[in-house]
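The values are calculated or read from the model by the stated rules, or taken from the named source; none is laboratory data. All values derive from a computational prediction rather than experimental measurement. Don't worry about glycine lacking a Cβ; one is built from the backbone with ideal geometry, like all the others, and counts go over all protein chains shown. Ligands, DNA and RNA are excluded from the accessible area calculation, which covers all protein heavy atoms including side chains. Shrake-Rupley method; radii C 1.70, N 1.55, O 1.52, S 1.80 Å.
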Amino acid sequence: MTRASDGLPRPRATWPREAAVTATAFVLCLLGGVVQVDDTLAPPSAAAYAVAVVSCAVLPVRHRAPLAALAATTAVGALVPALGLLLSPLIVAPAVIAAYSYALAARTERRAAGAVLLASVVLAASTPLSGGFSWRDATRTGVMAAFPLMAGVFGHSVRNRRAYLAAVEERARRAEESRDHEARRRVAEERVRIARELHDLVAHQITLANAQATVAAHLFDTRPEQTRKSLGELVETTGHALDELRATVGLLRQSGDAAAPAEPAPGLARLPTLLESFRRAGLEVSVEQEGTARPLPPGVDLTAYRIVQEALTNVTKHAGTGSARVRLAWHRDRVTLTVADDGGDARTGPGAEPGAAVTADRPPGYGLIGMRERATAVGGQLTAGGRPEGGFLVSARLPLPPARDTARGTDGATTTEEEPMADGRTGDGEAGDAP
C-alpha cells in the first residue's frame with residue numbers, strides 16, 4: 001500500500017497494472033474512432049490515432065498529478081468534434097479514467113465534484129460549439145457527459161471506502177497499542193506489589209532473626225540455656241521466613257493450579273501472632289484498642305497488618321528501645337492505627353524525609369515508602385515522623401465500609417483493651433497522639 005496525495009492508502013502502482021490500464025484506454029479510443037459521424041463503421045483515421053495517443057500518454061501520471069491529467073484528457077476530448085470524429089463515451093475513455101482518479105485523490109469533496117462537473121460540461125459543450133448540432137447529437141452528448149460524472153461518483157465511493165478501512169485499521173492499531181500499554185502497566189503494578197510484599201516479609205523475618213542471633217551471641221558464654229532457647233527461636237523464625245518466601249515467590253510460577261490451596265492473606269486477626277514474634281525477639285509491644293472492632297475488607301485488612309509489621313520492624317532495627325505501643329481506634333468510617341516508640345529517633349536526619357531510615361552504616365530504606373503506598377492504594381493516608389517528646393510515631397488512617405449496626409453502650413462509651421508494657425505502664429496517652 002502507498003499513500004495518495006490526500007494521505008489515504010491506495011494499492012501500490014505497478015508497471016504491469018498501469019500498462020494494462022493505458023492499453024485498455026487506447027483500444028477503447030480506437031474503437032470510438034471506428035464509428036463515424038454518419039453512424040457507419042470505418043477503420044480508425046489518423047485523427048483517431050492522434051487522439052488516442054495524446055490522451056492515453058498522460059494516464060500514467062494521473063496518480064501524481066490527477067488534476068493535470070483530467071485537464072489534458074478533457075481538452076483532447078473537446079477537440080474530437082472539431083477533428084471530424086464522433087464524440088462518444090468510448091473515444092473519451094481516458095477522460096473518464098482521469099475523472100475517476102481525480103475523484104479518488106482529491107483533498108475535498110467539493111473540489112472533486114467541481115472539477116468532474118466542469119470536465120463533463122466541457123465535453124458536452126464541444127459538440128454544439130463545433131456546429132451541425134441535431135437532436136440525435138443532443139442525446140449522444142447527454143449520454144457521453146454522464147460517464148465522467150458516473151466515474152467521479154464511483155471514485156468518490158471508493159475513496160470513502162478506503163478512508164473507512166484506513167480508520168478501522170488505525171483504530172485497531174491504537175487498540176493494540178492501548179492493550180500493550182495496559183499490559184505493561186499491569187506488569188509494572190504487579191512487580192511493585194510483589195516487591196512490596198517481599199520487602200515486608202524479608203525485612204520483618206530477617207530483623208527478628210538478627211535480633212535473636214544477637215541475643216544468642218551475647219548470652220553464649222554466661223547463659224547457655226538461654227542461648228539454646230534463642231537459637232531454637234532463630235531456627236523457627238528462619239523456617240517461617242522460608243515458608244512465606246516460598247509461598248510468595250510461588251505466585252510468580254505459571255505452572256497451572258497450585259497443588260495445595262493457597263494460605264489466606266494475613267490480616268489483623270493474626271496480629272497477636274505477629275506481636276508474639278516481636279516479643280520473642282526482645283521487643284515488648286503493648287496494644288490498645290478503642291471502639292468496636294469490625295471486619296475489614298481484604299485489601300484494608302492486609303494493609304493494616306503490613307503497616308503494623310513494618311512499623312514494628314523499623315522500631316526493632318532503628319529505635320534503640322525495648323518497647324513500642326500499638327493503638328487501634330475504630331470509628332464509623334475509618335480505622336486509625338498508630339505505632340509509637342520512645343527511642344532515640346535515629347531514623348531522621350538533616351535533609352532526609354521525615355521518618356526516612358538514615359543511620360551511619362545503612363542507606364535509606366523503602367519501609368516508609370511502602371507503607372505510604374499501601375495506605376494510598378486503599379484510599380487511606382499515612383504520616384510518620386519524630387515525636388516532640390522523643391521517639392517516633394507512625395499513624396495510618398484507613399477507610400471502613402459503613403457499619404450496619406453499632407455495638408456501643410447506651411452511654412456512648414467505647415471499649416478499651418490494653419496489654420501492659422515491660423515497665424508496667426499501659427499504652428494510654430502517647431500512642432494516641434496521632435497527627
> Just checking, how many residues over region 260-302 are among the polar types (S, T, N, Q), outside any loop (DSSP other than H, G, I, E, B) and open to solvent by 10 Å² or more (accessible area, probe 1.4 Å)?
Replying inline: 3
> Would it be correct to say that Arg111 is in a helix (DSSP H, G or I), under 27 Å from Ser157 (Cβ atoms) and of a type in the set (D, E, K, R)?
Replying inline: yes
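This table checks each residue for (1) of a type outside the set (A, V, I, L, M); (2) surrounded by 23 or more Cβ atoms within 10 Å (Cβ to Cβ); (3) over 18 Å from Asn160 (Cα atoms); (4) in contact with a His (Cβ under 9 Å, 6 or more places away or on another chain).
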site	(1), (2), (3), (4)
Arg62	yes, yes, yes, no
Pro66	yes, yes, no, no
Ala78	no, no, yes, no
Leu86	no, no, yes, no
Val92	no, yes, yes, no
Ala99	no, yes, no, no
Ala103	no, yes, no, yes
Ala106	no, yes, no, yes
Val121	no, no, yes, no
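Yes or no, residue by residue, for (1) modelled with pLDDT of 85 or more; (2) surrounded by fewer than 17 Cβ atoms within 10 Å (Cβ to Cβ); (3) of a type in the set (Ser, Thr, Tyr); (4) under 30 Å from Asn314 (Cα atoms):
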residue	(1), (2), (3), (4)
Ala146	yes, yes, no, no
His156	yes, no, no, no
Ala163	yes, yes, no, no
Glu176	yes, yes, no, no
Val187	no, yes, no, yes
Val202	no, yes, no, yes
Ala209	no, no, no, yes
Ala216	no, no, no, yes
> Restricting attention to region 224-276, which residues are modelled with pLDDT under 60 and touching a helix residue (DSSP H, G or I) at 6+ places or on another chain (Cβ under 8 Å)?
Replying inline: Leu251, Leu252, Ala258, Ala262, Glu263
> What is the number of the single condition among (1) more than 26 Å from Thr14 (Cα to Cα); (2) under 56 Å from the mean Cα position of the chain (by Cα) that Ala68 does not meet?
Replying inline: (1)
>> Just to be sure I understand the filter: pairs with C-beta atoms under 8 Å, separated by 6 or more residues or on different chains, first member in region 303-315 and without any contact (Cβ under 8 Å) to a residue 12 or more places away in the chain, second member part of a helix (DSSP H, G or I) and not basic (Lys, Arg). Which pairs pass?
In response: none
> For region 375-411, how many residues are modelled with pLDDT of 85 or more, open to solvent by less than 50 Å² (accessible area, probe 1.4 Å) and either under 23 Å from Tyr305 (Cβ atoms) or not in a loop (DSSP other than H, G, I, E, B) (or both)?
Replying inline: 16
